[in-house]
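The values are calculated or read from the model by the stated rules, or taken from the named source; none is laboratory data. Treat the numbers as computed from the prediction; the structure is a model and nothing was measured. Counting neighbours? That spans all protein chains shown, and the Cβs are built from the backbone with ideal geometry, glycine included. Accessible surface areas use protein heavy atoms only, side chains included; no ligands, DNA or RNA. Shrake-Rupley method; radii C 1.70, N 1.55, O 1.52, S 1.80 Å.
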Amino acid sequence: MKKKYLIPVMPLQNGKAGGQDGAKLAGFYSDNGADGILILDLSETEEEHEAHIGCMKEICRAAEIPVYAGGHIRRTEDVKKILYAGCQKAVLNFGRESNAEMAEEVCGRFGKEKIAFSLSDESQFCDRLDEWGSLLFWSGSDSQCPYRGSLPVISISPAASDEAVINVLSYKWVTGIAAAYFSTEVADFMGLKKKAADRGLRMNLLISSYDWEDFKPDRNGLIPVIVQDYRTSEVLMLAYMNEEAFDATLETGKMTYWSRSRDELWVKGMTSGHFQYLKSLSIDCDSDTILAKVSQVGAACHTGNRSCFYRDIVKKEYDDRNPLKVFERVYAVIMDRKLHPREGSYTNYLFDKGIDKILKKVGEEATELVIAAKNPDPEEIKYELSDFLYHAMVLMAERGVTWEDITGELANR
């Protein structure tokens, strides 16, 4: 049986997602078990459409799950804007003649894996969907879908109860459901998935490949858990789990521990709001220590520090050459110069001269890199590439692009 997915619908109108902050809502969906987000751009004017593209960028930055967007697509350029905003797919509405006519062009230009289609009735059926798209949104009758090809189908459904959602998911042709019913900031995605799983459906749940009996807890039934930030690998804290906490973590997706001091179950963040959302669990070679990678909200430490390990006992001077940290550190210095100019700073000189000067330098450094690459000496390439990357980061800072934006785009590819 194929896995079934829950995809909340996020209508954008007047710069808001159903009257809410779209980025905040996207973060909630990502952290609490949604499998994707479907954005519907309901803009009526080009000005509102441009504002919504900006909203999409913020939503995609906040989301850690696939984001699809459709609605206001009038021309090929609109598809480009949606994809450049960070959406995984642009959704063409086959009920709109102009969208059907541009299908072949946009699939050829952006790649068919970047395009999805929305259909509402059999008259819109197209034999070339297999060739063009990889995800089909069906908004017709829940009971049947005319499409019988190999594409996964997400039903855009008016289902308005857990039972109705599960009934839609029960259809063999349905890969998932997109519904306004669970498109709120109080939706219990994990609970709904559990109900569907109890009905025999295969849902996108957190299922352990090991049983608790495979682990080696201490004599009190506890296993230490080392907690890392999944983005940076920074060690955040150490806590303990018993079997009940382990099962609760898998069921809810929120890190749950056993408090040795209070002798009770403890959901991290329940009082502070600094939840930890599970990304992965690993067990060590001795099966007696768990490594958890999490998305951390706020501070992990009760002192307000990001990590509990903020006090150095001894520290030897060394160069931290972690590539991501180096890029982030240099970018942070560039941003600091932009916000707090320093006299004599070359970086401030570039910012003062403006975008044209920055672009000129990026072009010059790119040319010098090409020339260096014709040389057999890798040292010259290293030097010129470093110059190019520095000037590229100045451009990023000038235009408000972060390394997280870049790595997110690369990950999507």
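If only residues of segment 194-215 that are in contact with a strand residue (DSSP E or B) (Cβ under 8 Å, 6 or more places away or on another chain) and hydroxyl-bearing (Ser, Thr, Tyr) are counted, the one that is most open to solvent (accessible area, probe 1.4 Å) is TYR210. For segment 216-244, filtered to residues that are at pLDDT 95 or above and part of a loop (DSSP other than H, G, I, E, B), the residue that is surrounded by the fewest Cβ atoms within 10 Å (Cβ to Cβ) is ARG219.
For segment 147-165, which residues satisfy the criterion of being open to solvent by 40 Å² or more (accessible area, probe 1.4 Å) and in contact with a Cys (Cβ under 9 Å, 6 or more places away or on another chain)? If the condition is that a residue be open to solvent by 40 Å² or more (accessible area, probe 1.4 Å) and in contact with a Cys (Cβ under 9 Å, 6 or more places away or on another chain), then no residue fits.
Matching residues to (1) in contact with a His (Cβ under 7 Å, 6 or more places away or on another chain); (2) of a type in the set (Gly, Ala, Ser); (3) touching a residue at least 60 places away in the same chain (Cβ under 8 Å); (4) open to solvent by less than 90 Å² (accessible area, probe 1.4 Å):
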position: GLU343; (1), (2), (3), (4): no, no, no, no
position: PHE351; (1), (2), (3), (4): no, no, no, yes
position: ILE355; (1), (2), (3), (4): no, no, no, yes
position: VAL370; (1), (2), (3), (4): no, no, no, no
position: LYS374; (1), (2), (3), (4): no, no, no, no
position: ASP377; (1), (2), (3), (4): no, no, no, yes
position: ILE381; (1), (2), (3), (4): no, no, no, yes
position: GLU398; (1), (2), (3), (4): no, no, yes, yes
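Screening the candidates VAL168, VAL106 for the property of being in contact with a helix residue (DSSP H, G or I) (Cβ under 8 Å, 6 or more places away or on another chain) and modelled with pLDDT of 90 or more yields one hit, VAL106.
At least 3 residues being without any contact (Cβ under 8 Å) to a residue 40 or more places away in the chain is the threshold, and among the strands (runs of 3 or more DSSP E) wholly inside segment 264-337 those reaching it are 264-267. Screening GLY27, GLY22, GLY111, GLY70 for residues that are open to solvent by less than 30 Å² (accessible area, probe 1.4 Å) and at positive phi leaves exactly one candidate, GLY111. Quickly run through segment 37-67 and pick out the residues that are of a type in the set (A, V, I, L, M, F, W, C), within 22 Å of ASN99 (Cα to Cα) and buried (at least 18 other Cβ atoms within 10 Å of the Cβ). ILE37, LEU38, ILE39, LEU40, ILE53, MET56, VAL67 - these are the residues of segment 37-67 that are of a type in the set (A, V, I, L, M, F, W, C), within 22 Å of ASN99 (Cα to Cα) and buried (at least 18 other Cβ atoms within 10 Å of the Cβ).
Would you mind telling me which numbered condition in (1) open to solvent by less than 70 Å² (accessible area, probe 1.4 Å); (2) closer than 26 Å to ARG311 by Cα; (3) polar (S, T, N, Q) THR249 fails? All conditions are met except number (2). Of everything in segment 120-146 that is among the hydrophobic types (A, V, I, L, M, F, W, C) and touching a Pro at 6+ places or on another chain (Cβ under 8 Å), the residue that is most open to solvent (accessible area, probe 1.4 Å) is PHE125. Against the test of being farther than 22 Å from ARG231 by Cβ and in contact with a strand residue (DSSP E or B) (Cβ under 8 Å, 6 or more places away or on another chain), the options ALA300, ALA292, ALA248 yield a single qualifying residue, ALA248.
Name the one entry in PHE137, PHE125, PHE94 that is within 27 Å of the chain's Cα centre (by Cα) and not small (Gly, Ala, Ser). It is PHE137. Inside segment 166-190, residues that are under 24 Å from GLU122 (Cβ atoms) and open to solvent by less than 10 Å² (accessible area, probe 1.4 Å) make up a count of 7.
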